[in-house]
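Structure first, then comments.
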Amino acid sequence: MPITSTAVQEQVWNRQQLEQPVVAPQWRVWTYAQPALVLGCSQRALYERVVCGVPSVEVVLRESGGGAVLTGPWLVSVSLVLPPGHAWLGQGLLESYHHLGQLHADALAELGVTAMALPPLQIAGTQAALAARGLPALDWACFGSLSPWEVVDAEGLKVVGLAQRRRQQGVLLVAGTLVTEPDWDVLCNALGRPDDANPLMRRTASCARLLGRRLLAENLATVLSRRLAHALADA
């Protein structure tokens with residue numbers, strides 16, 4: 001079932017799942033009442049500076065990689081832990097995103113949002129097309145670049161970001177979907193990159209923007225939870 005959480009509660013759950021051998025798939029779908037800034041595990045050196053710079057917003061480090069994310073009421077996230085060798089993990093690091101990315105694209109389609117999970121062979125061309133529009137990758141932000149099987153609209157604008165953490169005990173996959181537009185200024189100012197707010201907005205597409213109307217985060221969370229239950233029961 002979807003859970004309204006804080007970013008700290010989400011990250012505690014993620015960490016705890018990999019502290020012991022994963023024997024069966026487990027997942028949570030998260031919505032948020034309050035904003036928080038979540039840094040990727042490779043951004044640990046930024047933590048103290050960011051905490052001092054945005055005292056009004058909770059700042060946490062996550063177990064998975066990737067760039068910074070501003071969670072809040074505009075985002076729906078999924079945490080999925082899988083045992084080693086699970087069928088969804090495929091043959092390697094990038095292929096392990098395939099099923100989760102496609103599940104998100106299917107969930108969005110059910111709600112009327114047209115988007116696709118981006119195959120690896122289309123990454124370079126999509127990035128080049130965005131760069132030609134004056135939108136080069138912003139690797140410091142989760143939604144500022146593209147990885148295989150992340151979900152994009154017809155123009156390659158990112159709707160769903162993916163990340164993962166691999167341990168001997170199992171694999172943690174995480175996803176975040178932009179239901180509405182986040183406050184990009186808060187994220188960019190916190191990381192000392194105020195000029196990136198407009199490019200980030202232009203490189204992304206929220207569900208509400210694609211639908212032309214409001215989409216409740218709780219509705220998307222419910223659809224994702226149901227689809228995860230059905231898909232993993234058959235995997």
For this session: Mind checking the full-extension length gain between Leu216 and Arg15? Use 0.36 nm per residue of separation minus the Cα-Cα distance, one decimal, nm.
Result: 69.6 nm
For this session: Note down the net charge around Glu10, summing +1 for each Lys or Arg and -1 for each Asp or Glu among other residues with Cβ under 12 Å from its Cβ.
Result: +1
Seminar exercise, completed: The FRET efficiency for Val23 and Asp139, from their Cβ-Cβ distance with R0 = 30 Å and rounded to 0.05, is 0.30
Problem set entry | Per residue solvent-accessible surface (Å²) - the chain, probe of 1.4 Å | 44
Exercise. How much FRET efficiency would the formula 1/(1 + (r/R0)^6) give for Gln168 and Leu93, where r is the Cβ-Cβ distance and R0 is 22 Å, rounded to 0.05?
Worked result: 0.90
For this session: Compute the normalised compactness of segment 121-186: alpha-carbon radius of gyration over 2.2 N^0.38 Å, N being the residue count.
Result: 1.24
Seminar exercise, completed: Expressed in nanometres to one decimal, the distance between label points 7 Å along Cα→Cβ at Thr6 and Ser56 is 1.8
Problem set entry | Efficiency of FRET from Cβ geometry, Asn198 and Gln34, R₀ 22 Å, rounded to 0.05 | 0.30
Problem set entry | Accessible-area value, Glu218, 1.4 Å probe, nucleic acids and ligands omitted, Å² | 100
Exercise. Residues in segment 110-138 near a label at Thr180, defined as backbone nitrogen under 20 Å from the 7 Å Cα→Cβ point?
Worked result: 111-114
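The values are calculated or read from the model by the stated rules, or taken from the named source; none is laboratory data. Model, not experiment: these values are computed from the prediction. Glycine gets a Cβ as well: all are built from the backbone with ideal geometry, and neighbour counts include every protein chain shown. Surface accessibility is based on the protein's heavy atoms, side chains included, excluding ligands, DNA and RNA. Shrake-Rupley method; radii C 1.70, N 1.55, O 1.52, S 1.80 Å.
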